[in-house]
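To start, the structure under review is shown below, and the notes come after it.
The values are calculated or read from the model by the stated rules, or taken from the named source; none is laboratory data. Values in this document were obtained by computation on a predicted structure and should not be read as measured data. Here Cβ is always computed from backbone atoms with ideal geometry, including for glycine, and neighbour counts include all displayed protein chains. Note: accessible area is taken over every heavy atom of the protein model, side chains too, but ligands, DNA and RNA are not part of it. Shrake-Rupley method; radii C 1.70, N 1.55, O 1.52, S 1.80 Å.
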Amino acid sequence: MTVKFHRAGILSVSIEIEEITFSRALSCFPRRVPPQSHTNISFFQPPDFLLIGIPGLEAGHSWISIPFSSMYTVALTGNCLIVLAVRKTPSLHQPMYYFLSMLALSDVGLTLSTLPTTLSVLWFDYRFIGFNACLVQMFFLHSFSVLESSVLLAMSFDRFVAVSNPLCYAAVLTNNVIIKIGMATVTRATLSLFPVPFLLKRLNYCPGKIILSHSFCFHADVMKRACADITVNILYGLYVVLSTVGLDSLLIVLSYTLILHTVMGLASPKERVRALNTCVSHILAVLVFYIPVIGVSMIHRFGRHLSHLVHALVAYVYLVVPPVLNPIIYSVKSRPIREAMLRVLRKKGQG
């Protein structure tokens, strides 16, 4: 069995598993895989796809599930604590913390998108996912990824206003403006990904290509199981990547270029340091989100000699690590958030 990992942006992540015959899939999963007689029909959609865990380490999945379960627990607990802390602390009812709550909610959604199937594979070696369920998971997984990118862009705008024009900060970022920005990010993510499941559902699939490349469903991974022309899917996937994550990253860089220009214009070095310190947490969150994207693209382009395990782990890093690190970053770098989270924990303990 030869495994090749491919990743180019959010919707272009895939591992191509080649030379796995349909008869071998039948021998491993005889009850759920459609019979060989379906190969000659004119249109076929598999009732189920088969998921895989970490290539080459299948025997150790029960042990590997321990760190994965721990990371999922930290991600859900930390991000939910941030949302509760902001909600229950009146002093945190400010634009910066509202955007932080949006980031935490997008991390919760991204975590819940991959958690059920990943832990099913690692804990119980249950590898089946229905065709329609796979499309639903794929929609939410990519939607929350786009949503997180959009929220990071909104947070960079928040930092730009706070640094460049602090006296007008509250007047510019009113509650109504923040609500509109939040609705715009959700609408953008939903509309961008809404056509994707329907573009996949129209395709004719190969009965012998039902094994996916991860423990969750990616757009590029699913569309490569089709025995049809997927040009439209490729072009639309590229459009979504460029119009969301690609555009957001450029605007974030532009925002911080303007911030740096403003900071360099301050007379006092102490004021410069203080202004930059307000941006540190957001910069770290941006790096945590975008570095895995760049890393996977570089590995695909220049690291084909690397082991399949490295390719697989980088894919998990992209989806699992940012929701874990974001609450840690903000709880460490932001004293108000840290104290509010501790108050929530104390109240829960007393209750």
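Here the Debye sum runs over all C-alpha atoms of the stretch 55-173 as equal scatterers in vacuum, and log10 of I(q)/I(0) at q = 0.10, 0.12 Å⁻¹ comes out as -0.44, -0.59.
In order along the stretch 150-166, the Karplus-derived 3J(HN,Hα) couplings, from 6.51 cos²θ - 1.76 cosθ + 1.60 at θ = phi - 60°, round to 5, 5, 4, 5, 4, 5, 5, 5, 4, 5, 5, 5, 5, 7, 7, 9, x Hz, and Gly and Pro are given as x. Applying Stokes-Einstein at 20 °C and 1.002 mPa s to the Kirkwood radius of the stretch 187-231, computed over alpha-carbon pairs, gives a translational diffusion coefficient of 186 µm² s⁻¹. Within the set (1) 5, 23, 31, 22, 12, 5, 1, 0; (2) 4, 15, 16, 14, 15, 13, 9, 7, 5, 2, 0; (3) 5, 22, 27, 20, 13, 6, 3, 2, 2, 0, the number that P(r) over Cα pairs in 10 Å bins from 0, in percent takes when calculated for this structure is listed as (1).
Per the Debye calculation on the stretch 184-272 with a single equal scatterer at every Cα and no solvent contribution, log₁₀ I(q)/I(0) for q = 0.14, 0.16 Å⁻¹ amounts to -0.66, -0.76.
Each Lys and Arg adds +1 at its Cβ and each Asp and Glu adds -1 at its Cβ; summed about the Cα centre, the chain shows a dipole of about 780 debye. Ordered by 1.4 Å accessible area with all protein chains kept, 118, 73 run largest first as 73, 118.
Annotation: amide H of residue 204 within the under-5 Å range of 227, sequence separation 5 or more or interchain, hydrogens built in the peptide plane. The alpha carbons of the stretch 216-330 stretch over 64, 29, 27 Å along the principal axes, in descending order.
Computed over the chain, relative contact order equals 30 percent, with contacts defined as Cα pairs under 8 Å that lie 6+ residues apart. Less than 5 angstrom separates the built amide H of residue 211 from those of 50, all sequence-distant by 5 or more or on a different chain. When the chymotrypsin sites (Phe, Trp or Tyr not before Pro) in the stretch 60-115 are filtered for DSSP coil states and for at most 15 other beta-carbon atoms within 10 Å of their beta-carbon, no site remains. For residue 195, the shell of other residues with beta-carbons less than 15 Å away shows a net charge of +3, using +1 for Lys and Arg and -1 for Asp and Glu. How much of the accessible area of the chain, in percent, comes from carbon and sulfur atoms when a 1.4 Å probe is used? That fraction is 69 percent. The phi torsions of the stretch 230-241, fed into the Karplus equation with coefficients 6.51, -1.76 and 1.60 and a -60° offset, translate into couplings of 10, 4, 4, 4, 5, 5, 5, x, 5, 4, 5, 4 Hz, rounded to whole numbers, with Gly and Pro shown as x. Counted over the chain, the DSSP beta bridges are approximately 90% antiparallel. Backbone geometry of the stretch 96-106 corresponds, through the Karplus equation with coefficients 6.51, -1.76 and 1.60 at θ = phi - 60°, to 3J(HN,Hα) couplings of 4, 7, 5, 5, 5, 5, 4, 4, 5, 5, 5 Hz, x marking Gly and Pro.
Which of the three applies to the stretch 249-315, rounded, prolate or oblate, going by the alpha-carbon gyration tensor with a ≥ b ≥ c and a/c under 1.5 meaning rounded? Prolate, since a/c reaches 1.5 and a/b exceeds b/c. By the compact-protein rule of thumb, 2.2 N^0.38 Å, the alpha-carbon radius of gyration of the stretch 146-192 corresponds to a ratio of 1.22.
With R₀ fixed at 30 Å, the C-beta to C-beta distance from residue 283 to residue 232 puts the FRET efficiency at about 0.20.
Taking the alpha-carbon distance from residue 270 and a cut-off under 24 Å, which lysines remain once sequence neighbours fewer than 8 residues away in the same chain are dropped? Filter leaves 333. Spin-label model, residue 328/residue 272: points 7 Å from Cα along the beta carbon direction are separated by 3.2 nm.
Which value at 222 nm does the chain reach when only helices count, each DSSP H run of 4 or more adding -39,500 (n - 2.57), with the total divided by all residues and rounded to the nearest 500 deg cm²/dmol?
-22500 deg cm²/dmol
Just how many % of Cα pairs in the stretch 146-237 lie over 21 Å apart, if you round to the nearest whole percent? Cα-Cα pairs in the stretch 146-237 separated by more than 21 Å: 52 percent. Normalised per residue, the accessible area of the chain is 48 Å², obtained with a 1.4 Å probe and no contribution from ligands, DNA or RNA.
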